[in-house]
Amino acid sequence: RYLQAKDKVRSQRRAIEEQFRDNYLAEFERRMRRDGKPHDQFSQYDLTSTELGLVADDDLEETLKLNDMAAKVRRYCEEELAALDQRVGVLVGDATLQGEGNPFSPQAICSAFKQACRHVEPDLKVRMVFHTLFDDHVLDDLRSIYKDLNALLVQRSILPKIRYGGTRRGADGAKPQGGTAAGDAPEI
């Protein structure tokens with residue numbers, strides 16, 4: 001399977017790159033559209049249609065793999081993504097933006113890659129090799145990309161200093177006089 005995936009990547013590299021770019025831009029735009037309306041609730045769906053069905057085991061396995069990859073990146077890049085969530089939130093006018101709502105989120109990137117792989121390869125086993133290779137070789141580089149993106153936003157004066165953490169409390173649980181003590185929370 002590895003050799004089959006390697007041959008497919010070599011022969012379809014350009015198509016994978018183009019599909020990834022197109023899918024990522026679509027994900028980015030979808031996450032940037034902020035109409036302020038809450039997502040539809042399950043109770044509002046028309047359950048009489050034939051659109052509902054069971055999820056195939058293959059689809060579930062692939063989705064779980066990509067969700068795990070995105071969660072791993074979020075844990076690994078926690079500080080960078082927390083800062084990026086806040087900065088992008090300022091740009092889009094949503095102070096509560098975080099996690100999957102961020103157009104730069106690992107979930108957006110993994111989702112775009114999943115769709116690109118589905119476009120060029122119907123065999124799940126080969127796509128799973130693609131995902132493993134993506135996890136091994138690409139996701140590790142995201143931390144430096146997130147750092148660079150944060151640095152660019154800081155250069156553009158988008159939240160140049162971000163404070164993390166809460167206030168320190170004394171042994172009795174009370175806040176120190178005068179609010180937060182200097183150095184309580186790191187700045188990025």
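Each value in this text was obtained by applying a stated rule to the coordinates, not by laboratory testing. The model shown is predicted, which means the values in this text are computed figures rather than measured ones. Note: ideal-geometry Cβ built from the backbone for every residue, glycine included; neighbour counts use all protein chains shown.
Computed 3J(HN,Hα) for the range 3-20, one whole-Hz value per residue from the Karplus formula 6.51 cos²θ - 1.76 cosθ + 1.60 where θ = phi - 60°, is 5, 5, 5, 4, 5, 5, 5, 4, 7, 10, 3, 4, 5, 5, 4, 5, 5, 4, glycine and proline marked x.
The simple spin-label model puts a point 7 Å past each Cα toward its Cβ; for Asn67 and Ile145 those points are separated by 2.2 nm.
A simple count of charges around Leu149, restricted to other residues whose Cβ falls under 12 Å of its Cβ and scoring Lys, Arg +1 and Asp, Glu -1, yields +1. When +1 charges are put on Lys and Arg Cβ atoms and -1 charges on Asp and Glu Cβ atoms, the dipole computed for the range 56-105 relative to its Cα centre reaches about 340 debye. Restricting the trypsin sites (Lys or Arg not before Pro) of the range 81-166 to loop positions (DSSP other than H, G, I, E, B) with no more than 11 neighbouring Cβ atoms within 10 Å leaves Arg156, Lys161.
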